Amino acid sequence: MSIQEELSVQLRQLNIRVTPQRLAIAEVVVNSADHPSAKEVFERVTAFFPYVTLATVYSTLDVLEQVGIVRGLPFQRLCRYDANLSPHANLVCIVCGTVVDAEFGQDMVEELKTMVEAQAEFKVAYQRVDFYGRCSACAR
């Protein structure tokens, strides 16, 4: 089953109306490793659907976030979107602004979440771990 078919099934199971535009917006976020902003999602989707509005992108991202398909990552200047909802760390470049998932340490983030829940008697809804620095391109 393709990503688009999986997303379509998932949205229908959640009683969300499936349109080609919504599928395209969801697919852009799910297939993006760079945690795109709403404006970046808009730019990528308009390559296929030139008549999609920025308002449609924002409202669709809001719906996708409400049903747990993506998570908004608010930063000081803008919000980026991440489809990886499992415990992980984000690497944030302070020079160019790219945000990518760390390819390691997921077990440690999960362990920390488990410890917080057990020792603080606190049910974690979600967590966010960000490391700020320079990506390999900007470090040169």
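In the chain, the inverse of the mean reciprocal separation of distinct Cα atoms equals 16.4 Å; this is its Kirkwood hydrodynamic radius. Between the Cα long axis of helix 3-13 and the first principal axis of the chain there is an angle of about 90°, rounded to the nearest 10.
Counted over region 89-135 with a bin width of 10 Å, the fraction of Cα pairs per bin, in whole percents, is 26, 41, 25, 8.
For trypsin sites (Lys or Arg not before Pro), the sites in region 26-90 that DSSP calls loop and that have at most 10 other Cβ atoms within 10 Å are R77.
Neighbours of N90, meaning other residues whose beta-carbon lies under 14 angstrom from its beta-carbon, give a summed charge of -2 when Lys and Arg score +1 and Asp and Glu score -1. Of the peptides 89-101, 114-126, the order by per-residue mean of other Cβ atoms within 10 Å, starting with the highest, comes out as 89-101, 114-126. Each 5 Å bin from zero holds the following percent of Cα-Cα pairs in region 3-82: 3, 17, 31, 26, 17, 5, 1. Between R80 and L73, F75, the built amide H atoms are under 5 Å apart, and every one of these is 5 or more places off in sequence or on another chain. For region 1-32, trypsin sites (Lys or Arg not before Pro) are listed when DSSP marks them as loop and at most 16 other Cβ atoms sit within 10 Å of their Cβ; the list is R17. Of the Cα atoms belonging to region 40-86, the radius of gyration and Dmax stand at 11.3, 33 Å. If one takes the longest principal axis of the Cα atoms in the chain, at what angle in degrees, from 0 to 90 and to the nearest 10, does the Cα axis of helix 106-120 lie? Roughly 70 degrees between the two axes.
Every number in this text was worked out from the coordinates using simple rules, so none of it is lab data. These figures come from a predicted structure and were not determined experimentally. As a convention, Cβ positions derive from the backbone with ideal geometry for all residues, glycine included, and neighbour counts pool all protein chains shown.
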